[in-house]
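This report refers to the structure that appears directly beneath it.
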Amino acid sequence: MLLLHRAVVLGLRQACRLKCTHSRLCIQAAQDSPHIYTKEEVKSHSSPETRIWVTLGSEVFDVTEFVDLHPGGPSKLMLAAGGPLEPFWALYAVHNQSHVREILAQYKIGELSPEDQAPSTLKSSDPFADDPIRHPALKVNSQRPFNAEPPPELLTENYITPNPLFFTRNHLPVPNLDPDTYRLHIIGPPGGQSLSLSLSDLHQFPKHEITATLQCAGNRRSEMNQVKEVRGLEWSTGAISTARWAGARLCDVLAKAGHQLRDTEAHVCFEGLDSDPTGTAYGASIPLARAMDPEAEVLLAYEMNGQPLPRDHGFPVRVVVPGVVGARHVKWLGKVSVEPEESYSHWQRRDYKGFSPSVDWDSVDFDSAPSIQELPVQSAITEPKDGEIVESGEVTIKGYAWSGGGRAVIRVDVSLDGGLTWQVAELDGEKQCPQKAWAWRLWRLQATVPPGKKELNIVCKAVDDSYNVQPDTVAPIWNLRGVLSNAWHRVHVHVAP
């Protein structure tokens, strides 16, 4: 979602370059000598034929040339046509930043009349007012919608991440769903049957449990930002967590509806019950072959660590797709269908894809790249923290390692001198099955600090059972969305005298 928000700046800049002499002359004239407009006049400009005006505070803007370039689609901006932006910026709060306002100012055509600047009697509800209470230890990357990660020193304290500390990735306000009236709609194939399943109905299917790690595509994005600015939330190393999930296997539910693996190109599309003001829900998809494979263990999960799913994590039902990027684990699941192609959701087709470092926002073609499914091998240091002072003698280094697609981590190498020499860390965690290593390995190394050293450049890299290994630097894997960031993780610490 942050792609949509921050891409507004790009869209505005593109709009500024449009050659529309008439509108530009009108706008320039208005800026030189501001016109005064009533709310009724603004309201009358709500279509391309009459031009599209909006207000923000006491200011009036003509955004006609920007509508078709709006990153969230014309329909979202048209909701505000002839009226105020505030109710919609309340939902997408990232718009409300100084650099966005500065660019928007280029579209200003005048001011609202003093009579219409009085506080409106129209009450607009805050879509985030009913969000759940969160653990204060979480590092918040955005408040509305809420996105947060646990501090690194808590992340690897337990093999299973406690529910309150599990990283939270929300794209929209958190829905507050009644478990008694909840229904999950499974669209059947031609000749099959569509299902409308209550929570109790889901419990009638055989209960299946797995331990699986979820990782956001943007985990460690902050390191890519240090190379060159990218668009997205400033995740550090904590957009990853592990839980014990329980629920019905997706393959069992699809089979009940009459689905079979007839088309190997088909996708299972998921639609959440979270939505924006247009009614557009979060959506994603996975290949039908994965969904129908019992060994892939895809769940319609209703429990997390032995408890009902917390609201932030999809209550009452979410998808859990082991070994696959977190963006496909749709929360607050409302609908499942089998389609000839992958989901047409923005988050499937226009986000969560990787590109060459040479691709920028003027040349990017989202149709040219496949959607991220399985993630590459990953590891990070959680202790000590960057900049910390460690004692001379010995240092304890801890972290996590994980690889997508069920590939097991077989080794973690750690260096104290920036990668010149290496030591092998000890791996902790559950025994992993081949092709079904859904969860991370925690690791630790008790290392001797070389005598006389005043600082350590600690580096880690993981190797999986396909002998995939992390790249050594960030620059060659940099991409404009800052996804798939898995270069060697580096921590610089000082040694106490």
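Below is a table of values for the structure above.
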item: Percentage relative contact order, the chain, counting C-alpha pairs under 8 Å, at least six apart; result: 13 percent
item: Exposure ranking of Trp488, Trp245 by accessible area [1.4 Å probe, largest first]; result: Trp488, Trp245
item: Neighbourhood charge, 10 Å Cβ-Cβ cut-off, centred on Trp402 and excluding it, Lys, Arg +1 and Asp, Glu -1; result: +1
item: D_trans [Stokes-Einstein, Kirkwood Rh over alpha-carbon pairs] for the stretch 250-310, 4 °C, 1.567 mPa s, µm² s⁻¹; result: 97 µm²/s
item: Contour minus Cα-Cα distance for Asp417 and Ala255 (0.36 nm per residue); result: 52.9 nm
item: Two-site label geometry, Lys454 and His135: point separation in nm, points 7 Å out along Cα→Cβ; result: 3.9 nm
item: Rg in Å to one decimal, and Dmax rounded to a whole Å, for the stretch 187-234 via C-alpha atoms; result: 20.6, 54
item: Local net charge near Pro450, Cβ-Cβ under 14 Å (Lys/Arg +1, Asp/Glu -1); result: -2
item: CD proxy at 222 nm, helix term only [per DSSP H run n ≥ 4: -39500 (n - 2.57); per residue of the chain; nearest 500]; result: -4000 deg cm²/dmol
item: FRET efficiency, 1/(1 + (r/R0)^6) with R0 30 Å, evaluated for His185 and Arg101 via beta carbons; result: 0.15
item: Euclidean distance of C-alpha centroids, the stretch 215-280 and the stretch 326-354, integer Å; result: 7 Å
item: Peptides 412-423, 143-154 ordered by average Cβ neighbours within 10 Å, highest first; result: 143-154, 412-423
item: Structure-derived percent of Cα pairs over 44 Å apart - corresponding label in [x] 11; [y] 22; [z] 15; result: [y]
item: Mean Cα-pair separation over length for the stretch 241-355, i.e. relative contact order, pairs under 8 Å, 6 or more apart, %; result: 33 percent
item: Local net charge near Ser345, Cβ-Cβ under 14 Å (Lys/Arg +1, Asp/Glu -1); result: -1
item: By accessible area with a 1.4 Å probe, ligands and nucleic acids excluded, highest first: order of Lys436, Lys353; result: Lys436, Lys353
item: Surface accessible to a 1.4 Å probe, per residue, for the residues of the chain, Å²; result: 43 Å²
item: Considering only the chain, percent of DSSP beta bridges that pair antiparallel, nearest 5; result: 90 percent
item: Packing-based order for 378-386, 467-475, using average beta carbon neighbours within 10 Å, highest first; result: 378-386, 467-475
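The values are calculated or read from the model by the stated rules, or taken from the named source; none is laboratory data. No experiment lies behind these values; they were computed from the predicted model shown. As a convention, Cβ positions derive from the backbone with ideal geometry for all residues, glycine included, and neighbour counts pool all protein chains shown. Surface accessibility is based on the protein's heavy atoms, side chains included, excluding ligands, DNA and RNA. Shrake-Rupley method; radii C 1.70, N 1.55, O 1.52, S 1.80 Å.
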